[in-house]
Every structure is written in C-alpha cells, then in structure tokens.
C-alpha cells in the first residue's frame, strides 16, 4: 500500500468497536490523547453522527457500545499514520474500568 | 433514557463547600446518601471507588467540567447528581483548568450499556456551549432542574 505521508490526504475506514464496555471515559480519553498527537483532523462517525476525534465530550456523546459500527476518518498530512494508530485503539479490547 | 431518570435533584449540591477533589466527591456521595439513592452505610466505599477511578486518570474532561464515576454493588441502576463549585476545584483535568461543574455517577457492576448511555446523554448536552454557559451560571437547585428539563426536551440538541 502506497504511503502518502508527504501530501494531505484523507483516509476512511469502517471499524467494529472491540472494547466490551464500549467507548467509555477512559478509552475515549486514550483515543483523544492519541488523536491529538497527529496533525490531521480526526472524525469518528456512528449512525451518521459525527464526533471530533480530538474532543472527549464529542466522543462520549456517541455512546458507542461494543460491536458498534464506526467510521473513522482522518484528513491531513499524516492521515494514514493517524488512521492506523487509531484503528488499533478501536479494534482491540481497550483497558477496562 | 433522560437525564432526569438518573440525576436526582434531591441530591444536587448547588454550592459545594469543598475545594479539593476528595472533598467534592465525598460531599456529592453524601448528598446521594441523604437523598436515599445509595445506602448511608456505603458512603465511604463509594467514595473510595470514585477516588480509585480518578487515580487511573482524571475524569475532568475539560471546559470546567468533570464526570467522576465508578461502579458499585450498592446500586441497581445508574444514580447520579450534579454539584457546582463556587470556586474552581483543582481536579487534574485533561486541559489543566479548574473544574466548576461535577456530574457524579455511580453505576451497577454489570451494566456497561447503562453507564455508557448516561455518560453519553450528559456529554451530548455538554457539547452545547449555551448549556455549558447556563450550567456555570446556575446558582440554585431549581436552576439545575430547569436546565435538565430543557436538555431532556431537546433544547440543547444539535
């Protein structure tokens, strides 16, 4: 797969949420921590509702449960790296409360 | 689910006396016990569970708001309350700002969905800057009740 780190690009991928307790406060915080390390815009979409991937409040407002079908979209100079890093967080069983 | 189904006005603390994290949490849990939403004999255990959760990472989610929460066997459904700090409380919030508004939740042990829904509803309202601003201006229990009624009616929905 060609890397396009040098040019602004957009990456979009569907993902099934892995965490048994859903995207609650701690995984949401972990997600935002990771997302803010990238320059790209990060958007998480559930049932047509968009959340800024760098806002904990917006992510919590999605109320995403385990098995939820989410769309992750990244746009910017490091879109692909951001997508890959964040997909991992959503797919794996994040730490539990 | 509506905010008014799990946030109980009898336990609201419109003027928190405490100025630190542990004190605020204790004050709110005691208010929940006074309102008979958790057993009085479990106040210390619930406070400890909430502090334990804070040690894993602050629930200060920014914009002067914190959502301290924990699971405990003493509740059968999510119970919560709202507290307002007259002065900002140092809460190790993620944006480093002091916290003025607290939504405290105690959830049953085996219903992550209910906890997620409650947190989601609160966050949905908090997305609205007008709601946040009115929260910060609220001074009485009735101010808080009015705001929750409006939020439940969809006034702050996007």
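Let's see how each residue does on (1) without any contact (Cβ under 8 Å) to a residue 40 or more places away in the chain; (2) out of contact with any helix residue (DSSP H, G or I) (no Cβ under 8 Å at 6 or more places or on another chain); (3) within 14 Å of chain B (Cβ to nearest Cβ):
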| position | (1), (2), (3) |
| --- | --- |
| A:10 | no, no, no |
| A:15 | no, no, no |
| A:19 | no, no, yes |
| A:26 | no, yes, yes |
| A:52 | yes, no, yes |
| A:63 | no, no, yes |
remark   = Checking B:70, B:11 in turn, the sole residue that is more than 20 Å from residue B:136 (Cα to Cα) and either touching a helix residue (DSSP H, G or I) at 6+ places or on another chain (Cβ under 8 Å) or modelled with pLDDT of 95 or more (or both) turns out to be B:70
key: All strands (runs of 3 or more DSSP E) inside segment B:12-96 with 3 or more residues being surrounded by fewer than 23 Cβ atoms within 10 Å (Cβ to Cβ)   = B:13-16, B:79-89
request  = Sort out which residues of segment B:101-124 are part of a helix (DSSP H, G or I), more than 7 Å from chain A (Cβ to nearest Cβ) and farther than 13 Å from residue B:65 by Cα, and write them in order of number.
outcome  = B:114, B:118, B:121
note = Within segment A:48-64, the residues that are outside any strand (DSSP E or B) and closer than 23 Å to residue B:65 by Cβ are A:53, A:54, A:55, A:56, A:57, A:58, A:59, A:60, A:61, A:62, A:63, A:64
query = How many of the residues making up segment B:69-89 are under 18 Å from residue B:16 (Cα atoms) and more than 10 Å from every other protein chain (Cβ to nearest Cβ)?
reply = 10
task = With the condition kept exactly as written, say whether any residue in segment A:75-92 is at pLDDT below 95, closer than 25 Å to residue B:113 by Cβ and within 14 Å of chain B (Cβ to nearest Cβ).
result = no
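The values are calculated or read from the model by the stated rules, or taken from the named source; none is laboratory data. Note that the coordinates shown come from a computational prediction; the quantities given were computed from them, not determined experimentally. Cβ atoms come from the backbone with ideal geometry, glycine included; neighbour counts cover every protein chain shown.
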